[in-house]
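Here the structure comes first, spelled out in structure tokens, and everything after it is commentary.
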Amino acid sequence: MSDNGDLDRTKIELRGVGKRFERHRQEPLTVLDSVDLTVAEKGFLSIVGPSGSGKSTLLFMIAGLEAPTSGEVLVEGQPIKGPSADRGVVFQEDAIFPWRTVRRNVEYGLALRGVPKQERRERVDRYLELVKLTGFEGLYPRQLSGGMKKRVAIAEVLVNEPQVLLLDEPFGALDYVTKISLQEELGRIWQRARLTTVMVTHDIEEALFLSDRVVVLRDGGLRYDVTVPFERPRPHELRNEPRFTELKERLWSEIGPAARSAPVVENQA
Ligand code: ADP
Ligand code: MG
């Protein structure tokens with residue numbers, strides 16, 4: 001992506017980041033061991049890896065929801081002290097209130113921060129339009145499909161106009177068709193908003209379809225780092241092209257069972 005000078009600026013930096021969990025009556029668990037990573041401004045980075053490899057832990061540190069046990073996490077060169085509306089997080093489980101309408105859910109964060117009513121209304125309208133929920137403002141979560149709830153969760157974050165978007169397995173709980181269409185929506189939204197994005201997923205295809213860079217997290221560290229060269233907007237058919245499936249195979253070989261299991265030695269006399 002050398003056509004965009006912005007991509008050369010570092011937005012987020014992890015320097016020698018380690019994370020160790022103390023556990024009751026068990027040895028401490030080291031999840032991350034001295035991870036170094038930079039995320040380019042306005043880039044879309046995905047972190048893939050097997051379940052339990054520490055993906056959420058890493059993302060939560062960037063969100064400011066977890067602190068590293070060693071090293072540091074910086075945004076614009078400043079250490080992260082805690083969560084901020086500047087770094088919006090979309091979780092796998094949607095953070096929406098069942099007793100509030102779509103509009104009231106999306107405006108909640110703005111209301112908390114004292115944004116005046118008129119501005120709130122305009123911003124909510126703008127972001128509901130972006131996620132294609134115009135006309136559904138008055139509905140309650142129970143009246144929405146899983147895909148629509150996910151759109152609400154995305155609007156809730158984007159309405160704060162964050163500088164960084166963090167996504168943790170955002171479409172993991174959705175059915176296949178809804179997931180594919182929301183991936184396409186997210187690609188479109190990201191292209192319009194162009195905010196620095198870090199997504200964690202176990203879904204290699206999702207990572208490749210959306211990102212401009214994918215890193216593999218395994219055994220406590222980053223094991224593979226690849227630039228995704230596909231132009232945007234990315235059509236659905238891209239998923240079946242050899243250049244896509246080859247990269248998918250390559251990533252699979254880095255995180256799949258073959259990468260994880262030690263060689264089997266048989267018949268040791
Ligand atoms: P992933 O998102 O890649 O599936 P996580 O980051 O959620 O992995 O977890 C990595 C490992 O750390 C897992 O073994 C998990 O059980 C463990 N872990 C996560 N949070 C805690 C915690 N607060 N205390 C103890 N262990 C934890
Ligand atoms: Mg996770």
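The values are calculated or read from the model by the stated rules, or taken from the named source; none is laboratory data. Keep in mind the model is a prediction, meaning the values are calculated, not measured. All Cβ positions, glycine included, derive from the backbone under ideal geometry; neighbour counts span all protein chains shown. For accessibility, only protein heavy atoms count, side chains too; no ligands or nucleic acids. Shrake-Rupley method; radii C 1.70, N 1.55, O 1.52, S 1.80 Å.
Numerical summary
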quantity: Close pairs (7 angstrom Cβ cut-off, 6 or more residues apart or separate chains): under 22 Å from Arg223 (Cα atoms) and free of Cβ contacts under 8 Å to residues at least 60 places away in the same chain in the range 21-37, open to solvent by 70 Å² or more (accessible area, probe 1.4 Å) and not aliphatic (A, V, I, L, M) anywhere; calculated: Leu29/Arg20; Leu29/Arg23
quantity: Members of the range 76-107 that are away from ligand 1 (no atom under 12 Å from the Cβ), hydrophobic (A, V, I, L, M, F, W, C) and closer than 23 Å to Ala155 by Cα; calculated: Ala85, Val89, Val90, Ala95, Ile96, Phe97, Trp99, Val102, Val106
quantity: Residues within the range 32-59 that are within 11 Å of ligand 1 (Cβ to nearest atom), surrounded by fewer than 20 Cβ atoms within 10 Å (Cβ to Cβ) and not hydroxyl-bearing (Ser, Thr, Tyr), tallied; calculated: 2
quantity: Counted residues, the range 75-109 - those being of a type in the set (Ser, Thr, Tyr) and open to solvent by 30 Å² or more (accessible area, probe 1.4 Å); calculated: 2
quantity: Checking Lys132 against (1) farther than 19 Å from Phe171 by Cα; (2) touching a residue at least 40 places away in the same chain (Cβ under 8 Å); (3) surrounded by fewer than 18 Cβ atoms within 10 Å (Cβ to Cβ), the condition it does not meet; calculated: (1)
quantity: Candidate set from the range 172-202 (those that are within 16 Å of ligand 1 (Cβ to nearest atom) and either under 19 Å from Val215 (Cβ atoms) or modelled with pLDDT of 95 or more (or both)); member that is nearest to the chain's Cα centre (by Cα); calculated: Met199
quantity: Options Phe44, Phe97, Phe60, Phe136; residue that is of a type in the set (Phe, Trp, Tyr) and within 16 Å of ligand 2 (Cβ to nearest atom); calculated: Phe60
quantity: Residue that is open to solvent by 90 Å² or more (accessible area, probe 1.4 Å), under 25 Å from Val177 (Cβ atoms) and not in a loop (DSSP other than H, G, I, E, B), where the choices are Glu249, Glu206; calculated: Glu249
